[in-house]
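The values are calculated or read from the model by the stated rules, or taken from the named source; none is laboratory data. Please read these numbers as outputs of a predicted model, since none were measured by experiment. Don't worry about glycine lacking a Cβ; one is built from the backbone with ideal geometry, like all the others, and counts go over all protein chains shown.
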Amino acid sequence: MKKLAVISAALLVAGCASSPRELPTQSGVDLDRYAGTWYEQARLPNRFQSDCAGDVRADYTLQPDGTIKVVNQCRKEDGSTKMAEGTGRMADVGGTQDPARLEVRFAPKWTSWLPMVWGDYWIIRLYDGYQYSLVGTPDRKYLWVLSRDEQANRATVKEMLEYAGTLGFAVDDVIMREE
């Protein structure tokens, strides 16, 4: 009985010590090609987009200092436009910078030294020569399917969501863009 308790305790500790599965990202991302306008086709629900009723888009502009100007906007239920401006940067991953692993901040610039104001924005996969992008966070709480065109190919969006599902994202909970 003691032996069973020791084995159970060891398995419990080992389970708690294991890290979440690594999230793969797109290799060879060219931020010059990634810059521009992206239209949201699907997303996991999140608090900062809870009042977005539609027409969600993001504009990314590379800055001379290597950062990325981020402008997100959406149409609210009352027809007004909600806009948020932020800054993106490449994350430092083991002493190197990976253009597929970005961090974005929408808090004021003077807070940029605080780690908690930066949110992960990882480019998981690009499709059709930068026409579609699957973006998420390593904790799998946030996910977006983006396209260059407002009206995306539904089969491509479905394929992207299926892939995200294999990575552990809760794709059954996504909010799809209205046609």
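Here are some notes:
Table: residues versus (1) at pLDDT below 95; (2) surrounded by 18 or more Cβ atoms within 10 Å (Cβ to Cβ); (3) assigned to a loop (DSSP other than H, G, I, E, B).
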| position | (1), (2), (3) |
| --- | --- |
| Pro45 | no, no, yes |
| Gly66 | yes, no, yes |
| Gln73 | no, no, no |
| Asp98 | yes, no, no |
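- Test: residue in segment 111-118 that is more than 17 Å from Leu44 (Cα to Cα) and crowded, with 19+ Cβ neighbours inside 10 Å: yes
- Selection of segment 31-73 for residues being more than 18 Å from Ala107 (Cβ to Cβ) and among the β-branched types (Val, Ile, Thr) yields Thr37, Val56, Thr61.
- Within the set Asp149, Asp128, Asp172, Asp139, the sole residue that is exposed (fewer than 13 other Cβ atoms within 10 Å of the Cβ) and at positive phi turns out to be Asp128.
- Residue that is modelled with the lowest pLDDT [pool: residues in segment 78-96 that are outside any loop (DSSP other than H, G, I, E, B) and of a type in the set (S, T, N, Q)]: Thr96
- Residues in segment 86-105 that are touching a Ser or Thr at 6+ places or on another chain (Cβ under 6 Å) and hydroxyl-bearing (Ser, Thr, Tyr): Thr87 alone.
- Those residues of segment 75-96 which are of a type outside the set (Gly, Ala, Ser) and either under 23 Å from Asp32 (Cα atoms) or exposed (fewer than 13 other Cβ atoms within 10 Å of the Cβ) (or both), in sequence order: Glu77, Asp78, Thr81, Met83, Glu85, Thr87, Arg89, Met90, Asp92, Val93, Thr96
- Criterion applied to Ser27, Ser50 was being free of Cβ contacts under 8 Å to residues at least 12 places away in the same chain and out of contact with any Ser or Thr (no Cβ under 8 Å at 6 or more places or on another chain), and the one residue passing it is Ser50.
- Here Trp122 clears all of (1) more than 23 Å from Arg21 (Cβ to Cβ); (2) surrounded by 17 or more Cβ atoms within 10 Å (Cβ to Cβ); (3) touching a residue at least 24 places away in the same chain (Cβ under 8 Å) except the condition numbered (1).
- Inter-residue pairs, beta-carbon under 8 Å, first closer than 14 Å to Glu40 by Cβ and in segment 59-85, second exposed (fewer than 11 other Cβ atoms within 10 Å of the Cβ), 6+ apart: Val71/Met83; Asn72/Met83; Gln73/Thr81; Gln73/Met83; Cys74/Thr81; Arg75/Thr81
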